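Please read the structure below before turning to the comments.
The values are calculated or read from the model by the stated rules, or taken from the named source; none is laboratory data. The structure displayed is predicted, hence computed values, not measured ones. Note that we place each Cβ from the backbone using ideal geometry, even for glycine, and neighbour counts take in every protein chain shown. To get the accessible areas, we keep the full protein, side chains included, count just its heavy atoms, and leave off ligands, DNA and RNA. Shrake-Rupley method; radii C 1.70, N 1.55, O 1.52, S 1.80 Å.
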Amino acid sequence: MSLDAVSLEVLRHQLSGIAEEMGHVLIHGAYSPNIKERQDCSTALFDADGRMVAQAEHIPVHLGAMPEAVKTIMDREPNPGDAYVLNDPFDGGTHLPDVTIVAPLVINDEILGYGITRAHHGDIGGMTPGSMPAGATEIYQEGLRLPVVKLVEDGDIDENVLSLVLANVRNPDERRADLRAQLAANDRANKRVAELVDTHGRERILDAFDAVIDYSRERTENELETIPDGTYEAHDVLEGDGVTDESIPIQVTVTIDGQTVEVDFAGTAGQVNGNMNAPLPVAKSAVYFVVRAVTDPDIPPTDGCYQPVAVSAPEGSLLNPTHPSAVVGGNVETSQRVTDVVLSAFAEALPDEIPAQSQGTMNNLIIGGRNETDFTYYETIAGGFGGRPSRDGMDGVQVGMTNTLNTPIEALEAEYPMRVEQYTLRPDSGGDGQYRGGLGIVRSVTVEDDATVSLLTERRRVVPAGVRGGDDAATGENYIGGEQVPAKTTKAIESGTTVTVKTPGGGGYGDPDKRQSDARQRDRLGGKTEGK
Amino acid sequence: MVASPHVSVDVGGTFTDVALMTESGLVTAKVPSTEEQSEGVLSGIRKACERANLRPEDINAFTHAMTVSVNALLERKGAETALVTTDGFRDVLEIGRQTRPSLYDLDAEQTSPLVSRRNRFEIDERTTTDGVENPVNKEDVYALAEELEDAESVAISLLHSYTDGENESTVAEILRERLDAPVSVSHEVLSAFREYERTSTTVADAYVRPAIDSYLGELTSQAERVGIPAPQVMQSNGGIADADTVRKHAVTTVMSGPAAGVVGAAASAERSVDSTAFEGFVTFDMGGTSSDVSLVQDGEIARTTNGNVGGHPIATPMVDVTTVGSGGGSVAWVDAGGALRVGPESAGADPGPACYNRGGTQPTVTDANLVLGYIGEGATLGGEVSLNADAAHKALASLAEEAGLNSAREAASGVYRVANAKMTRAIRSVTVERGYDPREFGLVAFGGAGPMHATALAERLEIDCVIVPLAGGVLSAYGLLGADEQHDAMRTYRTRLTETRPDELEAMYDELTADACSELTRSEEPTVERTADLRYAGQSFELEVSVDDPISIETVQERFGAAHERAYGYQMNEPVEIVTLRVAASIENEVPPTSYTGGDDTPARERSGVFDESRQSVPVYVRNRLAPSSRIEGPAVVEDDESTIVVRPDWTGIVQPDGTMVLERGEIA
C-alpha cells in the first residue's frame, strides 16, 4: 500500500464525499421523477486508467456497468473541457433510458481521471411513452440509441447534438433539464478534485487512487477467503420475454477458490426475441451486488471490490446478447432474477447467512397518455423481503437491484390525471416460517384519461421460494379494469379504468412450527396474517 | 427585552444547566439531571438563586429547553396512539417511501412505525387537489369514536388535507368531543403536501403529546408553587414559545436541546466578532459519542423541513443539525483492510476511554488527545474521573502495532487526523453542498471535545477564525436567555410563479402572518419574515428565498436563480414554481452582556505536546484566570473545567470582555 493507514482513511472520506456531492447536485437539479424522486441514478469518480475510485450509492444496478462506459470514452482520447454522452447497451450502456455522461477530470491540463453520472431519464423515445415497451423485439423500438457522442466541447454544449437528442424524445424540456443537472454534477467533480490536488498535491492523490482500490480489494479478498471453497450451482427462470410466456432458464455456477470467485452463466437460455435480454454489464452488476452483500457492505465500492470477481456468460445468451436485441427489461427484471439465482448459489456455501427469496421483481408500471394530455408515468412497486436467519423479512420494501422511492400520492395526483385508490400491505402474502417473509403491497390506480398501460413484472407464476423449511410466498397479480392480465402486458385503456398491482411477498425462513407464538399473535392482531 | 431577573434551564442527558441573569450579572449552576426532569429543573433553579442571593419568587422570566419529547420518540415510550386515515391508506405510515434501510445489508432492521397496524383506522372520505369530493359521514365518526376509546392520543391524517382541511376538522371535532385523548390533526400540525411525511409528523406529535402535556403541566404548577412564572419553551426552530402553545404543538419540541445549543453558540459568536466580516458561522459541538454540526447566517440558525428523528420523518421546521458518529469516546481500530478507523463504536461513559482507568482498554479519541498532550494528565473534564496517561499510552501503543505505525504518538496523531477527516466531511456537507464556501465562515466550537479539535479542523477547511465561548456547559442555558420568541406558519401553494397574482399571494401571506402572530405572547411589534420555497417546475427539491413586503415577483425570480446558481452551479431559463409559502413571526430578545474578570495571563505550567509533527514543550494556561484581551500565541493549551482549547502554531487566541476566546490564524493586528 502506498499510503499509511491514516492517510488512506482521510483521503477515502474525501473521495467518497465528492461522489456524494455529485449525486446531491444531480438529484436536486433533475426533472425526471425517476431521478429526482426515485433516485435511479449513480455518480462516481474513476482514475486515468478507468478504474473506479469512489461511487455514491443510490442504486446497485449501475455498479458493473460504469467501467465499460468510461472505457469507451477513454478510447476517444478526450480533451480537457469535453464531456461525452452515451446510452448504447452494446457499448458501455445498460438500457436506453439510462443516459450516461463522462467528462475527464482535468487538472493543470492533465487528465487525472473521469467523473461519471448515469441517470434513468423519464423518456428516450421509441414505441411507447417511458421507453419501456413490453413487446419490443429490437432495440430500435426501445428508443434513441446514443453511441459515444461528444456533447460538450471546450466547455460549450454542442447544440446540434442536443437538438438531435431532444427531437427524438417525448418530453424535450425534461430531457434538457436532466442533462443540464448531469453536467452540473460532472462540473462539481472537476472542481472538487482540483481542490483536492491543490491541497494534497498531484502525487498524493494518485497514490490515494491506488490505495483505495487496493484497500477494497484486500478487504473483499479477506472476506471471500472465509467462504468455504467449492462449486455451487443454482437455477431459476424468468416468466416469458414479453413476446411469449415461455419460461426462460437462468443457470449459474459459482466457484469459490480462496480469495477469488468465478461466476459463470453457462447453461442459461439463448438471447430471446423480447426485451428481457440483459447485456453482460447488467449481469455483472447483479453479481457485484451479491458479492457486496455476502462480504462486508462496509467495504467502499471501488474497482478493487470487483478485481477478485470474474463473471462470464456465453455470447449470444440472455445475459450476453448481441446487437440488435431488445434489452429494456433486462436491466429492471432480468437483473433481479440474476440476483436471486446468484444468492441461491451462495446460500449453498453459507446456508445460515442468506435470506429466503425476496419478491424478485420491480413491478414496473408505465402509463402514458394517448390524448392531448401527453404524460408519462413510471413507477416501481415494493414487495416482500425474504425471511432472514434471525428475523422476519421486511414488509413492503424495494429489494435486490433497486431501492428507489415511491412517488408520493399527493404529488402523483397533482401531476397526472390519475387517482390512487389503495396503497396497502397485502396480508398473508409473505411465506410462513420460523421467520416470516415480508408482505407484498397492493397499489391500485384509476387513470382518468385514455392511456396506454405497460406492465413489466415477474413472479406472477413462479413463487419466491422459502428456504430451510419455510413456506413459499404468494405470487404477484396484475389487473386492468378488474381483469387479471399476464406478467408482461401492454394495453390501451379508456379513461376511468383501474389498474391494480398486487406485488409478491418474500419467502419464509425455517420451519413454521418453530415460529414463536407471540410473533404469530402479533401478526394476527396487526392484520398481517388473516388466514392462520 | 424579557423581564429580569430571568432564569433559563437546559436539561441534558447527564446535567441540568441553569443560567440566571440578574441586574448584577450572570450566575450559573449545574445539577445532575433527574428521571422526572422537572425535579432537576427546580433544584437547579434553587441552587442558582442561592448563589445569586435571590428568592425564586423574584424571578420574572423562565425559559427552558428539554428532552422529554425526543426521549419519548427515541426510547419508544410515547403514548398508545391511534391513527385515522383515508380509506385505502392506513399503511402509508408503515410503507413510508418503500425503501429498505440499507442497500447491501441483507440483515438490516426496519424502523417500525409509532402506530401499529391494528391501531390504524380508515374512514370513507376523499379530498383531492381541488378540495373535498366525498365528505365525511358523521355516523362513521361516531362509530369510530367507540373503537378509539382506549387510545391515549389520536392522529388524523387524510389525503390532500393541505388543500382543504374540512374533512379532517369534522373528524377532529367529533373525536375531541367524545374522547378524553388529545387529537392531532395533520393540516394543523403541518399543512404541506406529501402524505407520508405529513402523516409521520402528525403521528409523532400525537405520540409525544401526552408526555409533553403532563411534563409542562407539572413543571408549570411546581414553578407556580415557588412563585416562578410558567416556562417559555425552546422549540426545534430555535425560537421560544409559551408552555400552553407548546402543549398544543408537541412535535415542535423534539430538537429543543440542540436548538438551544446552536442559538447559544450563535449569540456568543455575534457578540465576539464582527459578524459582517463572515458569511456566517459553523457551529461544532463535539461530545462524548458524536459531533453535531450546524450553520448560522445573519443571526438565524439554519433550519430544515426534512428532519428525521429516530427514523421518523418530521417536517416541521427544525434546527438543521448534521450528526457524525465521532466524539471523545469514539473507539479507534484497524479494519481488515489495514485502514485506521474511528467510531462508530463508542466506549461511552462506562467503561469509557482507556485513560478513565475503569476497565476500558480500547483506544479512543480522548486517549489520543491525552497522548498528544492536548489534555493534561489528571485533568477531570467536567468532574468525575481523573485521566490516566499510562493507560492511554498503552492502548495507543497496541493500536500502533496493529496499524503498522511506529509509536503510540504516531497512532495518536493518526486517530486525531482521522476523527478530524470525518468531521471535516460533515462540515463540508453543510457548507459546500449548499453552495457556501467554508473559508468565508467562522467556526464556533463547544462541547467537551470541540475546542480540542477546532483549530485543526479550521486549518483543513481554510477557516481563519475560531470562536470558543466561555461556559461551554451552560452555553445552551445562556443561549436560552437571549432566544427570540418565534412562531412559524406555512402552507403548500403550488403554482407557476409567472401565473400567480401578487394580490393573491399577499392575501395568503396576510393570513399566515395573522396565524403566526396570534401565538405571540408579548405585545411588542413582531418582526415578520416571509419566505417561499421555489423550484424549477419539474424539480422535486425546493430552495427557500426571502419574499419582500410588498411582493415583487421579479425579485423572487431573481433570488431563486441566484440561489440555484449558488447551490448547483447553474441557472436555467425555465418556468419557476412556488411550492410553499412560509411566515416566521418573532420578537427579538437581546442577550444580556456578561461581565468577566480574571487577571493572570501567565502560563500555569508547561507541558509536552505534539505540534507540527514533533513533541515540544508548550505553555498551559488556565482559562478562567486569563484577563480580557490576553493574547495566547500558539502552540499552547488553554484548560478550563470541561475542555481544553488547543492553540496550534500560527494561531493566536484573544480573550474577549465576556470571556469568549477568539482564535485567529496568521498575522493579526
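When B:Asp533 is tested against (1) at pLDDT 90 or above; (2) within 27 Å of B:Lys30 (Cβ to Cβ); (3) among the charged types (D, E, K, R), exactly one condition is not met: (2). Here A:Arg38 meets each of (1) more than 27 Å from B:Asp335 (Cα to Cα); (2) outside any helix (DSSP H, G or I); (3) out of contact with any Ser or Thr (no Cβ under 6 Å at 6 or more places or on another chain) with one exception, condition (3).
Within region A:171-199, residues that are more than 8 Å from chain B (Cβ to nearest Cβ) reach partners that are open to solvent by 40 Å² or more (accessible area, probe 1.4 Å) with beta carbons closer than 7 Å, at six or more positions or on different chains, in the pairs A:Leu196/A:Gln14.
Regarding region B:283-295, can at least one residue be identified that is modelled with pLDDT of 90 or more, in a loop (DSSP other than H, G, I, E, B) and farther than 21 Å from B:Phe541 by Cβ? Checked against the condition, which is being modelled with pLDDT of 90 or more, in a loop (DSSP other than H, G, I, E, B) and farther than 21 Å from B:Phe541 by Cβ, region B:283-295 yields no hits at all. Suppose we keep only residues that are more than 22 Å from the chain's Cα centre (by Cα) and within 21 Å of B:Ala483 (Cβ to Cβ) within region B:13-27. Which one would you say is least open to solvent (accessible area, probe 1.4 Å)? Taking the candidates together, the pick is B:Leu20. Going residue by residue through region B:512-533, is there one that turns out to be more than 23 Å from B:Ser236 (Cβ to Cβ), surrounded by fewer than 22 Cβ atoms within 10 Å (Cβ to Cβ) and of a type in the set (Val, Ile, Thr)? Looking for residues that are more than 23 Å from B:Ser236 (Cβ to Cβ), surrounded by fewer than 22 Cβ atoms within 10 Å (Cβ to Cβ) and of a type in the set (Val, Ile, Thr), one finds none in region B:512-533, hence no. Among what's in region A:327-352 and is under 15 Å from A:Ala465 (Cα atoms) and hydroxyl-bearing (Ser, Thr, Tyr), pick the residue that is surrounded by the most Cβ atoms within 10 Å (Cβ to Cβ). Within region A:327-352, the match that is surrounded by the most Cβ atoms within 10 Å (Cβ to Cβ) is A:Thr339. Tally the residues that are in a helix (DSSP H, G or I) and surrounded by fewer than 17 Cβ atoms within 10 Å (Cβ to Cβ), restricting the search to region A:167-177. Residues that pass the stated criteria total 2.
Do the conditions hold for B:Glu544, that is, is it assigned to a strand (DSSP E or B), within 14 Å of chain A (Cβ to nearest Cβ), in contact with a Ser or Thr (Cβ under 7 Å, 6 or more places away or on another chain) and open to solvent by 40 Å² or more (accessible area, probe 1.4 Å)? Against the criterion (assigned to a strand (DSSP E or B), within 14 Å of chain A (Cβ to nearest Cβ), in contact with a Ser or Thr (Cβ under 7 Å, 6 or more places away or on another chain) and open to solvent by 40 Å² or more (accessible area, probe 1.4 Å)), B:Glu544 qualifies. Selection of first residues in region A:463-476 that are not β-branched (Val, Ile, Thr) and of second residues that are not in a loop (DSSP other than H, G, I, E, B), restricted to Cβ pairs under 6 Å at least 6 apart or on distinct chains, gives the following pairs, ordered by first then second residue: A:Gly470/A:Tyr509; A:Gly476/A:Lys502.
Have a look at B:Asp58, B:Asp87, B:Asp10 and point out the one that is touching a Gly at 6+ places or on another chain (Cβ under 7 Å) and either of a type outside the set (Val, Ile, Thr) or surrounded by 22 or more Cβ atoms within 10 Å (Cβ to Cβ) (or both). Quick ask: steps written out before the conclusion?
Numbers: B:Asp58 fails: touching a Gly at 6+ places or on another chain (Cβ under 7 Å); B:Asp87 fails: touching a Gly at 6+ places or on another chain (Cβ under 7 Å).
Result: B:Asp10 is the single residue among B:Asp58, B:Asp87, B:Asp10 that is touching a Gly at 6+ places or on another chain (Cβ under 7 Å) and either of a type outside the set (Val, Ile, Thr) or surrounded by 22 or more Cβ atoms within 10 Å (Cβ to Cβ) (or both).
The residues on offer are A:Asp374, A:Asp392, and the sole one that is open to solvent by 20 Å² or more (accessible area, probe 1.4 Å), within 13 Å of chain B (Cβ to nearest Cβ) and over 22 Å from A:Glu458 (Cα atoms) is A:Asp392.
Mind counting the residues in region A:1-47 that are aromatic (Phe, Trp, Tyr) and more than 10 Å from every other protein chain (Cβ to nearest Cβ)?
Step one: of region A:1-47, the residues aromatic (Phe, Trp, Tyr) are A:31, A:46.
Still in the running and more than 10 Å from every other protein chain (Cβ to nearest Cβ): A:46.
Looking only at that region, the number is 1.
Among the residues of region B:338-353, those identified as more than 24 Å from the chain's Cα centre (by Cα) and over 16 Å from B:Tyr416 (Cα atoms) are B:Gly338, B:Asp350, B:Pro351, B:Gly352.
In region B:367-380, is there at least one residue being within 13 Å of another protein chain (Cβ to nearest Cβ) and either over 22 Å from the mean Cα position of the chain (by Cα) or not in a helix (DSSP H, G or I) (or both)? Spell out the reasoning first.
Of the residues in region B:367-380, the ones within 13 Å of another protein chain (Cβ to nearest Cβ) are B:368.
Now narrow it down to the ones that are either over 22 Å from the mean Cα position of the chain (by Cα) or not in a helix (DSSP H, G or I) (or both): B:368.
Scanning region B:367-380 turns up at least one residue that is within 13 Å of another protein chain (Cβ to nearest Cβ) and either over 22 Å from the mean Cα position of the chain (by Cα) or not in a helix (DSSP H, G or I) (or both).
Tallying residues that are within 24 Å of B:Ile654 (Cβ to Cβ) and touching a Leu at 6+ places or on another chain (Cβ under 8 Å) within region B:550-594 yields 3.
Scanning region A:48-74 for residues that are more than 22 Å from A:Leu405 (Cα to Cα), in contact (Cβ under 8 Å) with a residue 40 or more places away in the chain and open to solvent by 10 Å² or more (accessible area, probe 1.4 Å) gives A:Ala48, A:Arg51, A:Pro67, A:Glu68, A:Thr72, A:Met74.
Evaluation of A:Ala474 against the conditions (1) over 23 Å from the mean Cα position of the chain (by Cα); (2) over 13 Å from A:Arg460 (Cα atoms) shows that the sole unmet condition is (2). Exactly one residue out of A:Val467, A:Val447, A:Val399, A:Val462 is within 11 Å of chain B (Cβ to nearest Cβ) and either modelled with pLDDT of 95 or more or surrounded by fewer than 22 Cβ atoms within 10 Å (Cβ to Cβ) (or both): that is A:Val399.
Here's the yes/no breakdown for (1) open to solvent by less than 20 Å² (accessible area, probe 1.4 Å); (2) in contact with a His (Cβ under 7 Å, 6 or more places away or on another chain); (3) of a type in the set (S, T, N, Q); (4) not in a strand (DSSP E or B):
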| residue | (1), (2), (3), (4) |
| --- | --- |
| A:Ala211 | yes, no, no, yes |
| A:Asp214 | no, no, no, yes |
| A:Glu233 | no, no, no, no |
| A:Gly242 | no, no, no, yes |
| A:Val263 | yes, no, no, no |
| A:Gly267 | no, no, no, yes |
| A:Gly274 | yes, no, no, yes |
| A:Val282 | yes, no, no, yes |
| A:Pro301 | yes, no, no, yes |
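Looking across region B:79-129, the residues that are more than 8 Å from every other protein chain (Cβ to nearest Cβ), within 28 Å of the chain's Cα centre (by Cα) and β-branched (Val, Ile, Thr) come down to B:Thr81, B:Thr111, B:Val115.
Does region B:558-609 hold any residues that are part of a strand (DSSP E or B), over 30 Å from B:Ser4 (Cα atoms) and under 28 Å from the mean Cα position of the chain (by Cα), and which are they?
B:Ile578, B:Val579, B:Thr580, B:Leu581, B:Arg582
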